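Take a look at the structure set out below.
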Amino acid sequence: MAADQRPKADTLALRQRLISSSCRLFFPEDPVKIVRAQGQYMYDEQGAEYIDCISNVAHVGHCHPLVVQAAHEQNQVLNTNSRYLHDNIVDYAQRLSETLPEQLCVFYFLNSGGSYCTSGIPDLSCSHISSWKARTAHVEPHLLLLRTVRPKGFGASALATGLGTRVAVLLPHPHSGAWPTLPGHLTCSLSLAQFGGSPVSCAVGLAVLNVLEKEQLQDHATSVGSFLMQLLGQQKIKHPIVGDVRGVGLFIGVDLIKDEATRTPATEEAAYLVSRLKENYVLLSTDGPGRNILKFKPPMCFSLDNARQVVAKLDAILTDMEEKVRSCETLRLQP
């Protein structure tokens, strides 16, 4: 297969001609051509290995053999929409319900967060899905339900779990514990998610749940995430451009600021930093209204050694920026 791949420049030229510009590329100035992935690692067409700190949807890691096997076996038999009776969708819903509070007992499976916004589910605003991204530096634990710990006392929001399909749910407010008021029934006839809840999607979801339990990835994410938070906290002390570090489990936001008085978003510096990290074989993205939040959301198999490697490279680049770039006040301050 590798011998048949076209050159990266040809792929980029075809994409620019054939694919809408609204489908944005990571690192648009010098995009990475990824040809395969395994676990928490991605590989380009030259075979270079990158630590993936972006792909949270691949919860248990890229191309996990049990997940791949489940998708392959079900694809050989049937894949259609959820308007037919099939055991996979009810088995998956039952397994999910066993991990959730008693009040969360009815499921509506969708293709994506975008599908949720057009699903016709009443009393739920699309801002629940979009606005959390703008608060990456203030990560709320209810958004990390199946990435970290079992859901007890988490807050109200729409949740996209990424377990092979998307799951829209409401959770209680984190402080009051009050549940949102919903009508007695939900009428979801305005749209049909063709592959949300499909036999293959649910087979994949069931396999992911099995791997989560078998490999104890929730506990792993909590432990490694705590360690990563500690390392990033040390960077906050060392580098004034790091305005704050917040997160839960393996979902962490690092706020980069131009100055400590007004906390102006360090947008350009954040873009420069993730570009430099990419050159050092770490894939990381930015988010927030100012695109100044470094957003860590790796697969749950991300390891302690990965955390050390990533933060060491982050530290080296920030030190270099303080010595050579000095483009904002916080890069010129001595801690």
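The values are calculated or read from the model by the stated rules, or taken from the named source; none is laboratory data. What you see is a predicted model; the values in this text were computed from it and never measured. Neighbour counts run over all protein chains shown; Cβ positions are idealised from the backbone, glycine included. Side chains are part of the model used for accessible areas, which takes the heavy atoms of the whole protein and leaves out ligands, DNA and RNA. Shrake-Rupley method; radii C 1.70, N 1.55, O 1.52, S 1.80 Å.
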If the Cβ limit is 9 Å and pairs must be 6+ apart or interchain, which residue in region 212-238 that is under 15 Å from Gly39 (Cα atoms) pairs with which residue that is of a type in the set (Ser, Thr, Tyr) and modelled with pLDDT of 95 or more?
His220/Ser303
Is there any pair linking a residue in region 261-276 that is at pLDDT 95 or above to one that is among the aliphatic types (A, V, I, L, M) and open to solvent by 40 Å² or more (accessible area, probe 1.4 Å), with Cβ under 9 Å and at least six apart or on different chains, and which?
Glu269/Val325; Tyr272/Val325
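Mind listing just one residue for me: the one in region 184-207 that is modelled with pLDDT of 50 or more and part of a loop (DSSP other than H, G, I, E, B) and, of those, nearest to the chain's Cα centre (by Cα)? Walk me through how you get there before you give the answer.
Step one: of region 184-207, the residues modelled with pLDDT of 50 or more are 193-207.
Now narrow it down to the ones that are part of a loop (DSSP other than H, G, I, E, B): 193-198.
On the way: Ala193: 21, Gln194: 23, Phe195: 20, Gly196: 18, Gly197: 20, Ser198: 22 Å.
Going through the qualifying residues, I end up with Gly196.
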Going by what's in this entry, would Arg332 be described as over 24 Å from Leu217 (Cβ atoms), touching a helix residue (DSSP H, G or I) at 6+ places or on another chain (Cβ under 9 Å) and not aromatic (Phe, Trp, Tyr)?
yes
Looking at this structure, is Val139 in contact with a Lys or Arg (Cβ under 8 Å, 6 or more places away or on another chain) and modelled with pLDDT under 90?
yes
Taking into account only those residues within region 288-314 that are charged (D, E, K, R) and in contact (Cβ under 8 Å) with a residue 60 or more places away in the chain, which is nearest to Leu212 (Cα to Cα)?
Lys297
Please specify each residue of region 15-43 satisfying the condition of being of a type in the set (A, V, I, L, M, F, W, C), part of a loop (DSSP other than H, G, I, E, B) and farther than 24 Å from His62 by Cα.
Ile19
May I ask you to verify whether Ala48 is open to solvent by less than 30 Å² (accessible area, probe 1.4 Å) and modelled with pLDDT of 95 or more?
yes
